[in-house]
Amino acid sequence: MPRVGQAHLDARRQQILDAARTRFASHGFARTSMADVVAESGLSTGAIYRYFTSKDEIVIAVCEQAGTSLPKVLTIEAVRSFLEHVRTLARETGHARLVAQIYAEAAVSPALAAIVQRQLLTMRTAVAELLADRQPDDARRIAEAFVALCSSYSQQLAVRGDLDPEPFASALMAIVRG
C-alpha cells in the first residue's frame, strides 16, 4: 500500500474538523455524536478514529483552531468592520452558535477552559497593545472591557439572530475613548 504524504493527512484531519465544526454549530456538542461527524465528513468511522480518539478530542481541536481578526487600529471604521466580520461569520457558518457552545462547554471542561482563557488573553493583549498611548493599567482595563463586549456581541448573535453591529461599535469606541 502506498504511503500518503503529510499534506494528505493534514487535509483529511482538516476535513474532519470542518465537518465537526459544521455539525457542532448547527446541533451543539451534546446533540452531535461521533456517528454524526462521520456522516457529515463523508469518511469512514475508522478514518475518524485514526485522527481522534473521542468527540472531546475533536471539540478541543476545533477550539484550538479558533482565530480572531481583531482590528489593527481602534477607529470606529475598523471596529465596525471587525464586528461586521463577526456578523458575517455568524450568518454564513454559524460561528456565533459554535462559540456559544465552546463557552458553555469550557465552563465544565478544564482542558477547554484553558484553551479559551489563553485565546481571550491573546485578544486582550492585542487590544492593549493598540492602546500604547495609555497607561498600562488603563490599557489592560479597556482591553478587558473591549473583549468582553465583543464576546457579548457574538453571544447575542447566537441567541438573538442577526444584529446590527453599530450600537456595539459605538459602545466599544466609547470604552476606548474613556
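Could you grab me the full set of residues in the stretch 132-151 that are exposed (fewer than 15 other Cβ atoms within 10 Å of the Cβ), in contact with a helix residue (DSSP H, G or I) (Cβ under 9 Å, 6 or more places away or on another chain) and not in a helix (DSSP H, G or I)?
A132, D133
Of D56, D10, which residue is exposed (fewer than 15 other Cβ atoms within 10 Å of the Cβ), in contact (Cβ under 8 Å) with a residue 24 or more places away in the chain and either among the acidic types (D, E) or closer than 21 Å to E105 by Cβ (or both)?
D56
Please indicate, with yes or no, whether at least one residue in the stretch 119-140 is in contact with a Cys (Cβ under 9 Å, 6 or more places away or on another chain) and within 23 Å of T22 (Cα to Cα).
yes
Scan (1) surrounded by 14 or more Cβ atoms within 10 Å (Cβ to Cβ); (2) in a helix (DSSP H, G or I); (3) in the same structural domain as S170 (by TED's automatic domain parsing) for the single condition Q117 breaks and write down its number.
(1)
Which one of L98, L83 is more than 19 Å from R21 (Cβ to Cβ), in contact (Cβ under 8 Å) with a residue 60 or more places away in the chain and surrounded by 20 or more Cβ atoms within 10 Å (Cβ to Cβ)?
Answer to the selection: L83.
Which residue out of S170, S154 is surrounded by 19 or more Cβ atoms within 10 Å (Cβ to Cβ) and either at pLDDT below 95 or assigned by TED's automatic domain parsing to the domain that holds P71 (or both)?
Details: S170 fails: surrounded by 19 or more Cβ atoms within 10 Å (Cβ to Cβ).
Being surrounded by 19 or more Cβ atoms within 10 Å (Cβ to Cβ) and either at pLDDT below 95 or assigned by TED's automatic domain parsing to the domain that holds P71 (or both) holds for just one of S170, S154, which is S154.
For A39, state whether it is in a helix (DSSP H, G or I) and in the same structural domain as S170 (by TED's automatic domain parsing).
Criteria not met by A39.
List every residue pair whose Cβ atoms sit under 6 Å apart, with the two residues 6 or more apart in sequence or on different chains, where the first one lies in the stretch 165-178 and is more than 11 Å from L149 (Cα to Cα) and touching a residue at least 12 places away in the same chain (Cβ under 8 Å) and the second, anywhere, is among the acidic types (D, E) and in a helix (DSSP H, G or I).
Within 6 Å, the pairs are P165/E84.
The values are calculated or read from the model by the stated rules, or taken from the named source; none is laboratory data. Just so it is clear, the structure is predicted and the values come from calculations on it, not from any experiment. Methodologically, a virtual Cβ is constructed for each residue, glycine included, from the backbone with ideal geometry; neighbour enumeration extends over all protein chains shown.
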